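First the structure, in the form of structure tokens, and then the observations on it.
The values are calculated or read from the model by the stated rules, or taken from the named source; none is laboratory data. For clarity, every value in this text was computed on a predicted model and none was experimentally measured. With ideal geometry, Cβ positions are generated from the backbone for all residues, glycine too; neighbour counts draw on all protein chains shown. Ligands, DNA and RNA are stripped out before the accessible areas are found, and what is left, the full protein with its side chains, is counted by its heavy atoms. Shrake-Rupley method; radii C 1.70, N 1.55, O 1.52, S 1.80 Å.
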Amino acid sequence: MKKTAKIPLYVKTYESLFDKIKSGEFKNQLPSETDLSAQLKVSRTTLRQALALLQDDGLIKTSTVLVIS
């Protein structure tokens with residue numbers, strides 16, 4: 001029997017945000033962490049892990065507000 005790897009929630013969150021950014025759903029700024037975590041139904045810790053990946057990929061820059069590069 002073949003084992004299927006379980007994808008971590010922060011990676012799924014990253015993929016969801018990546019798709020939303022690329023589709024233009026977010027214009028120049030992402031909602032606050034509180035709003036995004038509620039919208040995506042994930043903890044702020046999970047969201048921050050996903051945001052770190054987006055930042056590593058050069059898709060966002062973090063500051064007081066989250067801005068799409």
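A few remarks follow.
- Here the label points at Ile21 and Lys6, each 7 Å from Cα along the C-beta direction, are separated by 2.7 nm in the simple model.
- About the centre of its Cα atoms, the chain shows a dipole size close to 320 debye [charges on the beta carbon of Lys, Arg (+1) and Asp, Glu (-1) only; nearest 20 debye].
- With the whole protein complex present, Glu15 retains an accessible surface near 90 Å², based on a 1.4 Å probe.
- Tilt relative to the chain, helix 44-56 - C-alpha long axis, 0 to 90 degrees, to 10: 80 degrees
- When a 1.4 Å probe is rolled over the protein heavy atoms, the share of accessible surface on the stretch 18-69 that falls to carbon and sulfur comes to 48 percent.
- Tally of Lys pairs whose C-alpha atoms are under 18 Å apart, taken over the chain, 8 or more apart or cross-chain: 7
- Averaging the sequence gap over all C-alpha pairs within less than 8 Å and six or more residues apart, then dividing by the number of residues, gives the chain a relative contact order of 36 percent.
- Among Ala52, Phe18, Pro8 the positive-end extreme of the charge dipole of the chain (Cβ point charges): Pro8
- The chain: calculated mean residue ellipticity at 222 nm from DSSP helix runs of at least 4, using -39500 (n - 2.57): -15500 deg cm²/dmol
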